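S.K.: Structure incoming, see below.
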Amino acid sequence: MNYVTLDYVDLALAASLLLINGAVSVALSLGLARSLAISAVRMVVQLLLIGLILDFLLATVSPFWTGLAVLVMLGFAGYEAMARQDRRLKGFWAYGLGTGVMTLAAVLVMGFALITQVSADPWYHPQYLLPLLGMVLGNCMTGVALAIRSITGALTGERNAVEAQLALGRPFRLSTLPIVRSALKTALTPTINAMAATGLVSLPGMMTGQILAGIDPVEAVKYQLLVMFLIAGATAIGTTGAVFSISWRLSDHRHRLRLDRLTDIGDE
């Protein structure tokens, strides 16, 4: 089965659709035109760059270079998760906590997938590791960012209620349990919604790309199911780790709420 190739003229024609976004922004004074232009240019540069990097990685199949690419992806994911916060932990915790839980989730889930279902040879082959990691990490990053934002915002907003329960002798874990549950629901909801809509409302990117490339639709569906299951597992691990790590960091051995370990972005 043949697949259609695209040249740069085709991409330029598709890019012209962004003029619609710009026109809406200008007509309604949304102030998004500049951000749209910057984002579009950034996307093009990043994707072209990653295309060149993947060409190199696929040609070398080196554990060193593949591992370096993985570290860079994890580092940027941690930065993006931190950048989406209104309140951050002070010090290295602001960056390290999100990066740490995402690294744990990625190692566990990708290790499981590469050793069992995918069975890549070698296991670090970038053809399999990097695309799967990119999809898993992107969704895990969104869940972790939502989890951190939700629990820090709730603990700050409901400080008086939490401290009142602590003053009555209730343990910190029980005093914050409703907030923990709410944060986890908030963080996991996008993944649940995506699974519920996949196939009926939307055809996911990986599945669509494989079909366009001439892969049998049934095989494309199998790979998409694998990806969705990996995403769900990684997001659950990452968000749970983030919520409980934040809860631990914002308390101490005396069961006090330590909001002094947070900083508002406006205060920096």
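S.K.: Has segment 43-60 got at least one residue that is under 23 Å from the mean Cα position of the chain (by Cα), β-branched (Val, Ile, Thr), surrounded by fewer than 11 Cβ atoms within 10 Å (Cβ to Cβ) and in the same structural domain as TYR8 (by TED's automatic domain parsing)?
M.R.: yes
S.K.: Tell me, which helices (runs of 4 or more DSSP H) lie completely within segment 167-263 with 3 or more residues that are exposed (fewer than 15 other Cβ atoms within 10 Å of the Cβ)?
M.R.: Details: elements: 172-175, 177-197, 205-212, 217-249.
Filter on segment 167-263 gives 177-197, 205-212, 217-249.
S.K.: Still on this structure, I have one more. Looking at THR66, THR99, can you tell me which residue is of a type outside the set (Asp, Glu) and touching a Gly at 6+ places or on another chain (Cβ under 7 Å)?
M.R.: Going through THR66, THR99 in turn, the sole match is THR99.
The rows are residues; the columns are (1) over 11 Å from ALA77 (Cα atoms); (2) modelled with pLDDT under 95; (3) within 16 Å of the chain's Cα centre (by Cα); (4) of a type outside the set (Val, Ile, Thr).
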site: TRP93; (1), (2), (3), (4): yes, yes, no, yes
site: VAL107; (1), (2), (3), (4): yes, yes, yes, no
site: ALA113; (1), (2), (3), (4): yes, yes, no, yes
site: ASP121; (1), (2), (3), (4): yes, yes, no, yes
site: LEU133; (1), (2), (3), (4): yes, yes, yes, yes
site: LEU137; (1), (2), (3), (4): no, yes, yes, yes
site: ALA154; (1), (2), (3), (4): yes, yes, no, yes
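S.K.: Return only the number of the condition from (1) surrounded by 12 or more Cβ atoms within 10 Å (Cβ to Cβ); (2) modelled with pLDDT under 90; (3) out of contact with any Ser or Thr (no Cβ under 7 Å at 6 or more places or on another chain) that TYR8 does not satisfy.
M.R.: Failing condition for TYR8: (1).
S.K.: Continuing with the same structure: Might you check whether a residue that is under 30 Å from ARG256 (Cβ atoms), surrounded by 13 or more Cβ atoms within 10 Å (Cβ to Cβ) and hydrophobic (A, V, I, L, M, F, W, C) occurs anywhere in segment 130-145?
M.R.: Within segment 130-145, one or more residues are under 30 Å from ARG256 (Cβ atoms), surrounded by 13 or more Cβ atoms within 10 Å (Cβ to Cβ) and hydrophobic (A, V, I, L, M, F, W, C).
S.K.: Which residues, counting only those in segment 146-166, are within 22 Å of TRP93 (Cα to Cα), surrounded by fewer than 18 Cβ atoms within 10 Å (Cβ to Cβ) and among the small types (Gly, Ala, Ser)?
M.R.: Of everything in segment 146-166, those that are within 22 Å of TRP93 (Cα to Cα), surrounded by fewer than 18 Cβ atoms within 10 Å (Cβ to Cβ) and among the small types (Gly, Ala, Ser) turn out to be GLY153, GLY157.
S.K.: Which residue pairs have Cβ atoms closer than 9 Å, lie 6 or more positions apart in sequence or on different chains, and pair a first residue in segment 7-29 that is farther than 17 Å from SER39 by Cα and in the same structural domain as SER39 (by TED's automatic domain parsing) with a second residue that is part of a helix (DSSP H, G or I) and of a type in the set (D, E, K, R)?
M.R.: So the pair list comes out empty.
S.K.: Here is a further query. Only one of these conditions is not met by ILE115: (1) closer than 28 Å to LYS222 by Cα; (2) surrounded by 12 or more Cβ atoms within 10 Å (Cβ to Cβ). Which number is it?
M.R.: Every listed condition holds for ILE115 apart from (2).
The values are calculated or read from the model by the stated rules, or taken from the named source; none is laboratory data. This is a predicted model, so every value here is computed, not measured. When we count neighbours, we look across all protein chains shown, and the Cβ atoms used for this are built from the backbone with ideal geometry, even at glycine.
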